[in-house]
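So the structure is just underneath, and the comments pick up after that.
The values are calculated or read from the model by the stated rules, or taken from the named source; none is laboratory data. These numbers come from a predicted model, not from an experiment. Reconstructed Cβ throughout: ideal geometry from the backbone, glycine too, with neighbour counts over all protein chains shown.
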Amino acid sequence: MTEKITIAVVGSGYVGLVASVCFAEIGHQVICVDNDEAKISSLRDGEVPIYEEYLPELLARHRNKSIEFTTDLHAATRRSQAIFVAVGTPQSQTGSADLSYVDAVASEIARSITEYKVIVEKSTVPVYTNEWISRVIERNGVPRDLFDVTSNPEFLREGTAVVDFLHADRIVIGVENERAATLLRAIYEPLTSGRYYQTVDAVPGVRSSVDPPPILQTSTKAAELIKHASNAFLAMKISFINVVSNVCEAAGADVEEVSRGVGADARIGPKFLKAGIGYGGSCFPKDVAAFRYVAEQLGVDFGLLREVEKINAEQKRRFFQKVRSALWTFRGKKLAVLGLAFKGGTDDIRESPAIDLIGQFLMEGCIVSAYDPAAIERTKQVLPPSGTLSYAKDAYEAAGEADALLILTDWQEFVELDLDRLRYTLRYPIVIDGRNLFDRVIMAQHGFTYLSVGRAGGV
Ligand code: UGA
C-alpha cells in the first residue's frame with residue numbers, strides 16, 4: 001500500500017480535470033488549480049464543464065474529500081509534493097506551440113518553492129521545454145537541489161478519457177534522477193501494481209483489467225518527444241488510409257475491406273485506419289504542426305508531416321466536392337447534417353471538420369438543418385442559428401424535407417437510426433456519409449442513394 005500523496009494539478013482543462021479526478025480516484029489528495037474564478041467556483045459546486053463519461057460520478061465521489069479546487073497556486077504548491085502542469089499550449093501563428101502559460105506558471109510555482117518539489121509537464125510540449133522550465137525556476141532564485149522537472153505525457157482520448165487515464169497502454173515518465181522517478185512511480189503505483197483494478201468501486205470500463213499498465217522510464221527529452229511522435233504517427237496513419245480510400249474510389253474497391261486486410265497485420269494494427277473526412281480536434285492538427293516546427297528548429301526537415309497536413313485538408317475538400325456532384329447546384333438546397341463534434345462521444349467542436357464544412361455549405365447558399373447528440377450548444381456559439389441555419393432536436397427533424405443527408409461525425413446513435421423512417425422523411429433519399437457508418441448493400445435495400453468514403457461510386 002502506498003502513501004497518499006498530495007498533488008497539485010495546474011489547469012482545469014480537459015487533461016488537468018481528468019488527471020485531477022483520476023489521481024483522487026486512485027487514492028491521492030489533489031488540489032486542482034485554475035486562475036479562472038468562475039470555473040473553479042462551478043467545479044466546487046460539482047458542475048462538470050465537459051461531456052465525458054464517468055467524470056461527473058468520480059467528481060461527485062471525491063469532491064470535498066480528496067479533491068479540492070482553488071485559484072491559489074501559491075498555497076497549492078506549498079502543500080504538494082508534485083505539481084502537474086496541465087495548462088494550454090495553443091498553436092501560435094508560426095505553427096509552434098505557444099508556451100506563455102507554461103512560462104507564467106513556472107515563475108509562479110518558483111516563487112512558492114521552499115522545499116523539494118517535483119514539477120511534472122502534463123501538457124503536450126516541445127522537446128527542451130523541461131530545460132526552459134528549470135531555467136525559469138532557477139532565475140527566480142530556487143536552488144537546483146530543491147526541484148526536478150519531469151515529463152509525464154498524457155495519452156487520453158476525449159470521450160474515453162477516464163478509462164484511458166486509468167488503464168493506459170503505458171505510463172511514460174521522463175526523469176533525470178531516481179529521486180523524481182520514485183515519486184512518480186509512487187503516484188502511479190495503484191495502477192501499475194494492479195491494486196486499483198481489484199477495488200469494488202473501480203470504474204466499470206477498467207474493473208476487469210488483468211494487465212496493469214507498464215511504466216516506461218525515459219529521459220525527460222525522450223518523454224516530450226514520445227508525446228509529439230505518437231500524435232503525429234496516429235495522424236499520419238489516418239492520412240495514409242484517407243489517401244488509400246481515394247485510390248480505392250478510383251480503382252473501384254472498398255477501403256473498409258482494404259483497411260481490414262492491412263490492419264490484420266500485427267505490425268500495423270487495425271486502429272486508426274478508418275477513412276473519413278480527415279482528423280480534427282484540439283490535438284492532432286495542433287501537434288502535427290508543432291512537431292514539424294520543432295523538427296525544423298532542430299534542422300530536420302520533416303516533410304512527411306507537411307504531407308499529412310496537406311492530405312487532411314484535401315480530404316475535406318474531396319468530401320465537399322462529393323456533395324456538390326451529388327446535388328449539382330447548391331443555392332437553396334436543404335442539407336440535413338448529422339454530426340457537429342470532431343468525433344463521436346464528445347461535445348468538443350475544436351477543429352471539427354463538420355464545422356468547417358457547414359460554413360462552406362452556407363457560403364454556397366445552402367439551407368442547413370443540423371443535429372448532434374451533444375455538441376449543438378457549443379456550435380451555436382460559433383455558428384448561431386440564422387435564416388439558413390437551424391438546429392434540430394433529433395436526426396429525423398433535421399432530415400425533414402432535405403435534399404440530402406450528410407453524416408459528418410461517427411456517433412453510435414446515427415448507426416441505430418430507423419432507416420425506413422429516415423428514407424420517408426427526406427425529400428430525396430440521398431445519404432452522403434463522411435464516416436462510412438453504414439453497409440452499402442443495406443442502404444441500397446432501403447432505397448437510398450448512398451455515397452461514402454473510399455467505396456467506389458454510389459449505389
Ligand atoms: C488524440 C489521441 O488519440 C490521444 O492519444 C491524445 O492523448 C490526444 O489526442 C491528446 O493529445 O490530447 P483525441 O483528439 O481525443 O485524442 O481524438 P482521437 O480519437 O485520436 O481522434 C482524432 C481525430 O481523428 C478525430 O477527428 C477522429 O474522427 C479522427 N479519426 C480517428 C479518423 O478519422 N480515423 C480514425 O481511424 C481515427
(request) Name the residue, out of PHE291, PHE302, PHE330, that is in contact with a Leu (Cβ under 9 Å, 6 or more places away or on another chain) and either closer than 23 Å to GLN93 by Cβ or more than 16 Å from the ligand (Cβ to nearest atom) (or both). (result) PHE291
(request) Could you check VAL118 against (1) surrounded by fewer than 16 Cβ atoms within 10 Å (Cβ to Cβ); (2) more than 15 Å from the ligand (Cβ to nearest atom); (3) not hydroxyl-bearing (Ser, Thr, Tyr) and say which number it fails? (result) (1)
(message) Checking ASP348 against (1) over 23 Å from the mean Cα position of the chain (by Cα); (2) closer than 13 Å to GLY280 by Cα: exactly one of these is not met. Which one?
(response) (1)
(message) If a residue must be surrounded by fewer than 22 Cβ atoms within 10 Å (Cβ to Cβ) and not in a loop (DSSP other than H, G, I, E, B), how many such residues does region 15-31 contain?
(response) 1
(message) For region 380-421, which positions are surrounded by fewer than 18 Cβ atoms within 10 Å (Cβ to Cβ) and among the charged types (D, E, K, R)?
(response) LYS380, LYS393, ASP394, GLU397, GLU401, GLU413, GLU416, ASP418, ASP420, ARG421
(request) Residue by residue through region 150-165, note down the ones that are more than 7 Å from the ligand (Cβ to nearest atom) and closer than 15 Å to ALA374 by Cβ. (result) THR160, ALA161
(request) For region 261-274, indicate whether the set of residues that are within 16 Å of the ligand (Cβ to nearest atom), crowded, with 19+ Cβ neighbours inside 10 Å and not acidic (Asp, Glu) is non-empty. (result) yes
(message) Here is a list: ASP410, ASP394, ASP420, ASP403. Which entry is closer than 21 Å to PHE319 by Cβ, at pLDDT 95 or above and away from the ligand (no atom under 16 Å from the Cβ)?
(response) ASP403
(message) Among (1) surrounded by 15 or more Cβ atoms within 10 Å (Cβ to Cβ); (2) modelled with pLDDT of 95 or more, there is one condition GLU257 misses while meeting the rest; what is its number?
(response) (1)
(message) With the condition being of a type in the set (D, E, K, R), I'd like the strands (runs of 3 or more DSSP E) fully within region 58-136 carrying at least 1 qualifying residues.
(response) 67-70, 117-121
(request) Give region 210-232 a look and list any residue that's hydrophobic (A, V, I, L, M, F, W, C) and over 24 Å from the mean Cα position of the chain (by Cα), or say none. (result) VAL210
(message) Given the criteria at negative phi, surrounded by fewer than 20 Cβ atoms within 10 Å (Cβ to Cβ) and free of Cβ contacts under 8 Å to residues at least 12 places away in the same chain, does ALA38 qualify?
(response) yes
(request) Would you point out which residue out of LEU335, LEU340 is buried (at least 20 other Cβ atoms within 10 Å of the Cβ) and not in a strand (DSSP E or B)? (result) LEU340
(request) Report yes if VAL323 is part of a helix (DSSP H, G or I), away from the ligand (no atom under 13 Å from the Cβ) and not assigned by TED's automatic domain parsing to the domain that holds GLU158, otherwise no. (result) yes
(request) Identify the residue in region 343-370 that is surrounded by fewer than 24 Cβ atoms within 10 Å (Cβ to Cβ) and closer than 15 Å to GLU158 by Cβ and, among all such residues, is farthest from the ligand (Cβ to nearest atom). (result) ASP347
(request) Can you work out which of the residues in region 233-247 that are within 15 Å of the ligand (Cβ to nearest atom) and more than 23 Å from the chain's Cα centre (by Cα) is surrounded by the most Cβ atoms within 10 Å (Cβ to Cβ)? (result) SER245
